[in-house]
Structures are given as C-alpha cells and as structure tokens.
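Everything on this sheet refers to the single structure shown next.
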Amino acid sequence: MPKKVLVFLVEGVSDERALAAIRRYVPDQYRVAIHVTHGDLFTRPGIRKNVKARVGDQVRKMMHETKYRKQEIAAVIQVTDTDGTFVAADDVRVNASVGRAPVYQESGIMVANSGIQQYIQKRNRIKASELNVMRTSDEIISGIYYFLLYFSCNLDHVMHHKRNMTIEEKINQSRAFEQACREDPQHFYYFFHNQPFTVAGSIDETWSFIEKGTHSLQRYTNFQLVFDLLDSLEGSKLRSEKKN
C-alpha cells in the first residue's frame, strides 16, 4: 500500500532547511513533502481569492509538482510567522531613525513614517482576520486534514533568538541548525521541548495566547504540537490495526 503524504507548507527556503529534520519523527507509514510558498500567504496584496482558496492553490501546486494525488495526502500542516500581527494599532510606532523595512521589537513595531505605519496597521488587521479563518479550519480541499502552527515573531526569532535578520543571516543560521540536527539526531526534538518559548496547551489555547497583548512580537511558538499530531497519526493506525 502506498505511503500517505504529510505536507508541510513553509514560507521560505531557510524555513525548509530549519524544519527538514521533522522527517525523522514521522511514522513509517507516512512520507513528508515540504512545499515552499515563497512568501506569506496571509499578506499578499491585490489577490482577490479568499485565504482558504489561496492555501488550497499551494497544495494543488505541490500536488502538480510531485504528482501526488489527493487521496494520497493525509494532512497539511502550515507554518506561519506572527510578525506582530495581533498588536494594537498604537504599538506600530513611527521612528524616523529606522529604514524602510519595519523593525520588530519586544513591545512594538518601529516604522520610518506614517505611510508605512498605516500600511502595517492595515496588514495586521487583514492578516489577523485571515489567520483566524485558517486556524479554525479542519480541512483544506475536501477531505484533507489541515493544521496551522506559528512562530513568533517569526521562525528566526524562535530558532535563532534573533529578529530582523538579513537573508544571508537566515541562510547561514538555518544551515547551522540543519548541521546540528545531523550531528545529534535528537537535537530537533529536544529543541522544542521544555523550553520557555513553547506555549503550552491545545492548538486553540496556544492561538488564544499569541493573540493577546504583544505576545505576537515576542519569542513564542506552538510548533511543538506537531509531535502530538504525529503521535495521533501513529495512534490512529494502531487503533485501526486493533479493529481488523
């Protein structure tokens, strides 16, 4: 019987590198496909399709590229950055000393001028709404389970303890983490367990936490829940075998 596929949607190539070690923890009856969306699906201006359709399009694109059929896909696990999305509008502040790119800090987002301030405030409203749609979605495309996990304020912040990284820094740090996982097969697992940045609770509880105050700017993640999801997949197989 062909192996079922677990699809991981990530935003960039450095994210793919940093999370590649997840393959070691997937039950034997599954295979992993990591699909890079090349950007944030929740903040794409000028696209009229609703967010669920946009995410579904990425899954279809992955299916076209890999030749996997719909019935072969067990679940889609999407990973997103919070990017300070849930902070109050007043927490997006003008500071003429910063460049054109927003600077994410512990308690606010610094921007160069009022035009960028208004853009970020609007982006946050839209992204918050679209994240709420997707985090409460149980499936993507008919019959494919869907889960949305987050890194705050982004993957680099959690994995490398640094916000506002350059592309070169992202690549170098993700390579270093990938190498650490090769040298120690359990490094990836223990990195996400019993850490001050992992948010305890169910998926719903961890999302409720990150939406409060300025948590979406601070160093938090619920990615450790992926191991529970993988355990539940294995458990489902075992329960099925017991019935037969």
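What full-extension length gain, to one decimal in nm, is calculated for D57 and D184 as 0.36 nm per residue of separation minus the Cα-Cα distance?
Values: separation 127, 0.36 × 127 = 45.72 nm, distance 3.61 nm.
Between D57 and D184, full extension yields 42.1 nm more.
Which one of G108, G143, G84 has the biggest mean-square fluctuation once the chain is modelled by GNM with Cα springs under 10 Å?
Answer for the Gaussian network model of the chain: G143.
Please find, in a Gaussian network model of the chain (springs between Cα atoms separated by less than 10 Å), the residue of I144, I120, I47 whose mean-square fluctuation is greatest.
Of the options given, I47 has the highest mean-square fluctuation.
Whole-Å semi-axes of the range 1-59's equivalent ellipsoid, largest first, each the root of 5 times a Cα gyration tensor eigenvalue? Before the final figure, lay out each step's value.
Working: eigenvalues 134, 45, 8 Å².
Calculated on Cα positions only, the semi-axes equal 26, 15, 6 Å.
At q = 0.19, 0.29 Å⁻¹, work out log10 I(q)/I(0) for the range 33-91 with the Debye formula, treating every Cα as an identical point scatterer and leaving solvent out; two decimals please.
Scattering profile of the range 33-91, log10 relative to I(0): -0.81, -1.34.
Kindly list the residues of the range 40-69 that lie in the label zone of Q29, defined by a backbone N under 19 Å from the point 7 Å along the Cα-to-C-beta vector.
Residues 69 fall inside that zone.
Using only Cα atoms, what is the ratio of the radius of gyration of the range 119-244 to 2.2 N^0.38 Å?
Details: Rg = 17.0 Å, N = 126, 2.2 N^0.38 = 13.8 Å.
Normalised Cα radius of gyration, the range 119-244: 1.23.
Let me spell out the model: positive unit charges on the Cβ of Lys and Arg, negative unit charges on the Cβ of Asp and Glu, origin at the Cα centre of the range 97-244. What dipole size does that give, in debye rounded to 20?
Computed about the Cα centre, the dipole is about 440 debye.
Looking at the range 1-108, which trypsin sites (Lys or Arg not before Pro) are in a loop (DSSP not H, G, I, E or B) and have at most 14 other Cβ atoms within 10 Å?
On the way: sites: K3, K4, R17, R23, R24, R31, R48, K49, K52, R54, R60, K61, K67, R69, K70, R93, R100; in loops: K3, R48, K49, K67, R69, R100.
In loop regions of the range 1-108 (DSSP not H, G, I, E or B), the sparsely surrounded trypsin sites (Lys or Arg not before Pro) are K3, R48, K49, K67, R69, R100.
If I model the range 75-164 as equal point scatterers sitting on the Cα atoms and use the Debye formula, what is log10 I(q)/I(0) at q = 0.25 Å⁻¹?
Log-scaled intensity ratios, in q order: -1.21.
Based on the Cβ-Cβ distance from V133 to A96, what FRET efficiency comes out when R0 is 25 Å, to the nearest 0.05? Mind dumping the intermediate values first?
Values: r = 36 Å, r/R0 = 1.43.
The calculated FRET efficiency here is 0.10.
Quick check: the distance between the Cα centres of the range 164-195 and the range 95-110, to the nearest angstrom?
So the two Cα centres are separated by 26 Å.
Which value, in debye to the nearest 20, describes the size of the charge dipole of the range 76-129 about its Cα centre when Lys and Arg Cβ atoms bear +1, Asp and Glu Cβ atoms bear -1, and nothing else is charged?
Dipole magnitude for the range 76-129 comes out near 240 debye.
Helix 167-183 against the longest principal axis of the chain: what's the angle in degrees, Cα atoms only, rounded to the nearest 10?
Its long axis makes an angle of about 30 degrees.
Quick check: pseudo-label points 7 Å beyond the Cα along Cα→Cβ at K67 and I171, how many nm apart are they?
In this crude label model, K67 to I171 measures out at 3.1 nm.
Taking 45 Å as R0, compute the FRET efficiency from the Cβ-Cβ separation of H193 and R48 and round it to 0.05. Could you put the intermediate results ahead of the total?
On the way: r = 42 Å, r/R0 = 0.93.
It comes to 0.60.
How long is the gain from A89 to H161 if the chain were fully straight, where each residue apart is worth 0.36 nm and the alpha carbon distance is subtracted? It would help to have the intermediate numbers written out before the result.
On the way: separation 72, 0.36 × 72 = 25.92 nm, distance 2.52 nm.
Taking A89 through H161 to full extension adds about 23.4 nm, to one decimal.
Please compute the length gained on full extension between A200 and V103, using 0.36 nm multiplied by the number of residues separating them and subtracting their Cα-Cα distance. Write out the running numbers ahead of the final one.
Numbers: separation 97, 0.36 × 97 = 34.92 nm, distance 2.77 nm.
Gain on stretching A200 to V103: 32.1 nm.
Bear in mind that the values in this text are calculations on the coordinates, not laboratory data. The model shown is predicted, which means the values in this text are computed figures rather than measured ones. Counting neighbours? That spans all protein chains shown, and the Cβs are built from the backbone with ideal geometry, glycine included.
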